[in-house]
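S.K.: Below you'll find the structure I mean.
The values are calculated or read from the model by the stated rules, or taken from the named source; none is laboratory data. Predicted model, so just to flag it, every value in this text is computed and none were measured. All Cβ positions, even for glycine, are placed from backbone atoms using ideal geometry, and neighbour counts span all protein chains on display.
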Amino acid sequence: MSAKKTLLWIMALLSTLGFSEQNEPGFGFSEPNYLLCVFSSSDRYVPLSYNGKSRLKLRIGFYYRIFSLKDDRSGLYLVYNQNSFWKEKDPRKPFMDNNYRPELSACLDMLKWFTGNESFYIPKIKASVSRESNWESGANYRGWDKISGILEIGEFGKTEYHCVFSLSKAFNVSSNNFDIRKYTGNAQIKIGYWCLAGDRAAKGTSIDMRFSSDSPDINSVAFSIYYNPLVGRKLKWVPSFMVEYFNGSAESLLYYKERSNGVRVGIALM
């Protein structure tokens with residue numbers, strides 16, 4: 001199967017799931033799933049610009065709750081995230097880099113201690129361990145493990161405000177990317193605002209910053225705008241138009257030392 005048909009199949013499958021009215025307990029998107037095309041980029045924008053031609057980025061992220069404590073969101077979760085970068089049309093290897101990150105996450109939801117105050121932004125505390133690699137061989141292999149502590153307030157796309165603060169510790173780092181922490185940082189702040197229509201997000205914006213806790217420099221920043229034209233429809237996951245500006249390093253594991261700077265447009269499912 002060609003890479004183009006594979007991408008279309010994945011997006012069609014996600015759309016089919018999104019239009020289902022059935023609620024599958026304990027399963028959902030861990031972050032926006034999207035397909036973006038570079039609109040403009042700097043000359044050094046390696047992951048999505050090859051020989052001066054724009055390319056695509058595909059992100060897939062979902063979670064599955066293995067078990068929960070009582071009927072709240074506390075429990076153990078299996079999370080999977082993937083970033084795939086399209087390059088020159090080459091049937092032998094259509095993707096420049098594929099980054100896979102399976103994760104096991106434990107979540108403590110404090111909402112149960114604030115019964116009757118569900119409208120408040122009650123925080124969730126998470127601890128996770130993840131393995132990220134590109135499954136390449138030889139000199140192109142990149143991989144590392146992380147343990148992370150996370151504080152999350154609100155829910156992305158479901159509450160008016162959403163904030164995530166995380167701090168991580170790297171270990172089992174491949175010798176091919178021994179200095180990757182210098183380019184990725186070990187801390188992350190994500191802040192989002194949504195204009196809600198009923199219980200659906202009509203439009204919103206978010207900013208995602210990664211940096212090192214021992215340095216004032218920001219490793220990367222992604223600023224995104226979302227617009228949902230289908231609010232009011234009986235859809236579980238609704239496609240939104242998305243525009244993103246990214247500036248920073250380590251977006252792709254293979255080119256983690258390269259600094260990217262580009263504007264992308266596409267479709268996101270949330």
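S.K.: Here are some residues: SER148, SER213, SER174, SER133. Which one is touching a residue at least 60 places away in the same chain (Cβ under 8 Å) and either surrounded by 15 or more Cβ atoms within 10 Å (Cβ to Cβ) or at negative phi (or both)?
M.R.: It is SER133.
S.K.: Further, regarding this structure: Identify the residue in region 107-141 that is at pLDDT 95 or above and part of a strand (DSSP E or B) and, among all such residues, is farthest from TYR64 (Cα to Cα).
M.R.: SER133
S.K.: Another question, then. Does region 223-237 contain at least one residue that is within 18 Å of the chain's Cα centre (by Cα), surrounded by 17 or more Cβ atoms within 10 Å (Cβ to Cβ) and modelled with pLDDT under 90?
M.R.: yes
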